[in-house]
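Shown next, in structure tokens, is the structure this report addresses.
The values are calculated or read from the model by the stated rules, or taken from the named source; none is laboratory data. Computed from a predicted model, the values in this text were never measured in an experiment. For neighbour counting, all protein chains shown are included, and Cβ atoms are generated from backbone atoms with ideal geometry for every residue, glycine included.
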Amino acid sequence: MSLTKFYPLEKLAPVLVEQRKKNKKVALANGGFDLVHIGHIRYLKGAKETADILVVALNSDRSLKKLKGAHRAILDENSRIRIIAAFECVDYVTIFDEQTVDRVLLTLKPDVHCKGSDYTVDTVPERETVKSYGGSIAIVGGDKVRSTSHIITHIKNSAH
């Protein structure tokens, strides 16, 4: 794994400008990726199929805690960055502190904003933001499989 895939948001924007000058299409996937499972792999591979360049925006430890509760993240953000960057289909990784990915979208303006199959194009929370700069939304990854929260619950229940 190479940390050369990780860029703070503000430093990634000019990198993508250069990629677009080479006529590269950019997709963005986002999430916590706290415990990587098959659903995450399908999501990332599906997102990569929509564009030449795949950027993954990871929720920071702080934003994951706000979204999922005090017991999360299980893996710290530096570990999660390294894990996601290790995937061949991922070109760049960045991190964000907010509970939504709107600021990332407005900064990077990806051609395609990819969400998992637990969404529809109409239920994507950031749909108006994507429309505002002319991007498109893709639902990728196939059927929704167990979430990290379900896996954690299963592990807890199995321990008894």
Listed residues Leu3, Leu54, Leu16, Leu28; which is farther than 23 Å from Asp118 by Cβ and at pLDDT 95 or above?
Leu16
Identify, by number, the condition in (1) of a type outside the set (S, T, N, Q); (2) modelled with pLDDT of 95 or more; (3) farther than 25 Å from Thr123 by Cβ; (4) not in a strand (DSSP E or B) that Val93 doesn't meet.
(4)
The stretch 63-78: number of residues that are touching a helix residue (DSSP H, G or I) at 6+ places or on another chain (Cβ under 6 Å) and either of a type in the set (Phe, Trp, Tyr) or crowded, with 21+ Cβ neighbours inside 10 Å (or both)
1
Would you please list the contacts, defined by Cβ atoms under 6 Å and residues six or more apart or on different chains, that run from a residue in the stretch 100-111 that is touching a residue at least 24 places away in the same chain (Cβ under 8 Å) to a residue that is of a type in the set (Phe, Trp, Tyr)?
Val104/Phe96; Lys109/Tyr133
Residue within the stretch 79-88 that is surrounded by 19 or more Cβ atoms within 10 Å (Cβ to Cβ) and touching a Ser or Thr at 6+ places or on another chain (Cβ under 8 Å) present:
yes
Residue under question is Asp52, and the condition is that it be free of Cβ contacts under 8 Å to residues at least 60 places away in the same chain, within 20 Å of Val140 (Cβ to Cβ) and in contact with a helix residue (DSSP H, G or I) (Cβ under 9 Å, 6 or more places away or on another chain); does it hold?
yes
Among the numbered conditions (1) assigned to a helix (DSSP H, G or I); (2) within 14 Å of Asp34 (Cα to Cα); (3) in contact with a helix residue (DSSP H, G or I) (Cβ under 6 Å, 6 or more places away or on another chain), tell me where Leu105 comes up short.
(2)
